[in-house]
1. Could you list all residues from the range 43-62 that are within 19 Å of V93 (Cβ to Cβ) and touching an Asp or Glu at 6+ places or on another chain (Cβ under 9 Å)?
2. Restricted to the range 1-25, and to residues that are part of a helix (DSSP H, G or I) and near the ligand (Cβ under 6 Å from one of its atoms), which residue is most open to solvent (accessible area, probe 1.4 Å)?
3. So which strands (runs of 3 or more DSSP E) stay within the range 49-158 end to end and still have 3 or more residues that are in contact (Cβ under 8 Å) with a residue 12 or more places away in the chain and under 15 Å from the mean Cα position of the chain (by Cα)?
4. Select from the range 207-256 the residues that are touching a residue at least 40 places away in the same chain (Cβ under 8 Å) and open to solvent by less than 70 Å² (accessible area, probe 1.4 Å) and list them in ascending order.
5. Would you mind telling me which numbered condition in (1) within 25 Å of the chain's Cα centre (by Cα); (2) open to solvent by less than 50 Å² (accessible area, probe 1.4 Å) A197 fails?
6. When only residues in the range 26-84 that are more than 12 Å from the ligand (Cβ to nearest atom) and among the small types (G, A, S) count, which is surrounded by the most Cβ atoms within 10 Å (Cβ to Cβ)?
7. Please work out which residue is surrounded by the most Cβ atoms within 10 Å (Cβ to Cβ), limiting yourself to the range 85-103 and to residues that are within 13 Å of the ligand (Cβ to nearest atom) and not polar (S, T, N, Q).
8. Looking only at the range 155-187, which residues are among the aromatic types (F, W, Y) and more than 14 Å from the ligand (Cβ to nearest atom)?
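The values are calculated or read from the model by the stated rules, or taken from the named source; none is laboratory data. Keep in mind it's a predicted model, so treat the numbers as computed, not measured. Note that each Cβ is placed from the backbone with ideal geometry, even for glycine, and that neighbours are counted across all protein chains shown. For accessibility, only protein heavy atoms count, side chains too; no ligands or nucleic acids. Shrake-Rupley method; radii C 1.70, N 1.55, O 1.52, S 1.80 Å.
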Amino acid sequence: MNIGFIGAGHMGGAMIEGLLKAEAVAPNHLYVKGGSSGTAEKLQRKLGFQLADDYAAFQECKVVFIATGANIVLSILKELSPFLGKDCLVISVAAGHTVAQAQEALGSEKYVVHAIPNTPVSVNEGMIGVVYGSNLPEAEKETAKELLESLGKVTEVPEHLLATVGTVAGCSPAFVDIFMEALGDAGVMEGLPRALAYEIVEQMVLGSARLAIETGKHPGELKDGVTSPGGSTIKGVAALEKNGFRYALIDAVKQANS
Ligand SMILES: NC(=O)c1ccc[n+]([C@@H]2O[C@H](COP(=O)([O-])OP(=O)(O)OC[C@H]3O[C@@H](n4cnc5c(N)ncnc54)[C@H](OP(=O)(O)O)[C@@H]3O)[C@@H](O)[C@H]2O)c1
């Protein structure tokens with residue numbers, strides 16, 4: 001099965017890397033069209049997929065991902081549509097449009113999926129919110145699901161929640177990166193070598209996420225399990241609350257989602 005990509009920037013590149021790593025597609029069956037800055041060409045030298053010069057290259061693709069800037073997605077879909085085979089499945093990962101708008105731009109014979117991933121798809125640990133087009137046959141839904149699941153966890157959500165899923169999953173890696181950097185700085189301030197501080201923080205975040213997933217425990221219960229009476233952790237928790245840590249995160253998501 002041939003797969004196409006239009007846009008190979010931060011998100012497109014992360015998805016391409018994840019799909020190849022998962023062997024969901026072979027490099028000789030993956031056609032990628034980038035913009036004018038040479039980002040796709042640079043990635044091609046690293047990953048070895050097929051570069052597409054124009055939309056004609058997508059004629060034989062069963063699935064085409066759209067990962068360009070959100071503002072140009074609908075006009076790209078309109079231009080692209082005549083080049084696609086009947087029954088082609090188009091998966092847009094762009095924020096800011098509805099499935100109905102994408103369907104209208106493509107015409108009724110193509111199939112549409114709207115998926116909002118996050119950058120950990122490049123290591124196959126993504127979180128992907130998805131809305132399937134209303135005319136999508138079961139076989140196409142399975143194809144989309146299988147491809148997206150090779151990149152991480154996939155959850156189908158009502159369309160009005162997709163943007164918020166995108167914010168909580170898609171923007172938060174940056175918040176977690178800042179959290180890890182700050183904890184690393186704190187470790188350095190307390191005397192740890194910087195590389196060791198980051199190594200400890202990374203494994204701690206990974207382990208905390210795995211513990212939450214594998215035990216299914218409420219985050220508050222997990223926190224209670226670390227805070228012994230009068231101990232050091234509860235003093236740290238109090239300092240976080242005093243400094244507005246919880247509200248800072250709530251406000252970050254609120255601002256990002258507005
Ligand atoms: N970044 C995230 O974490 C994230 C999360 C969820 C969803 N998204 C969605 O993913 C989309 C892309 O975001 P991004 O962060 O990857 O942006 P980005 O890094 O700017 O990538 C967009 C890419 O589109 C390419 N492009 C522009 N016009 C094109 C055309 N006519 N044909 C082919 N490629 C074209 C650009 O190529 P040139 O640079 O060469 O011009 C650029 O590499 C957005 O719609 C965003 O809403 C992103």
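1. Correct list: L43, L47, Y55, K62.
2. H10
3. Hits in the range 49-158: 111-116, 126-132, 152-156.
4. Hits for the range 207-256 are A252, V253, A256.
5. (1)
6. So the residue we want is S81.
7. Quick first cut of the range 85-103, residues within 13 Å of the ligand (Cβ to nearest atom) only: 91-97, 102.
With the extra rule that they be not polar (S, T, N, Q), the set shrinks to 91, 93-97, 102.
On the way: I91: 25, V93: 27, A94: 23, A95: 16, G96: 12, H97: 17, A102: 22.
Checked the range 85-103; the qualifying residue surrounded by the most Cβ atoms within 10 Å (Cβ to Cβ) is V93.
8. F179
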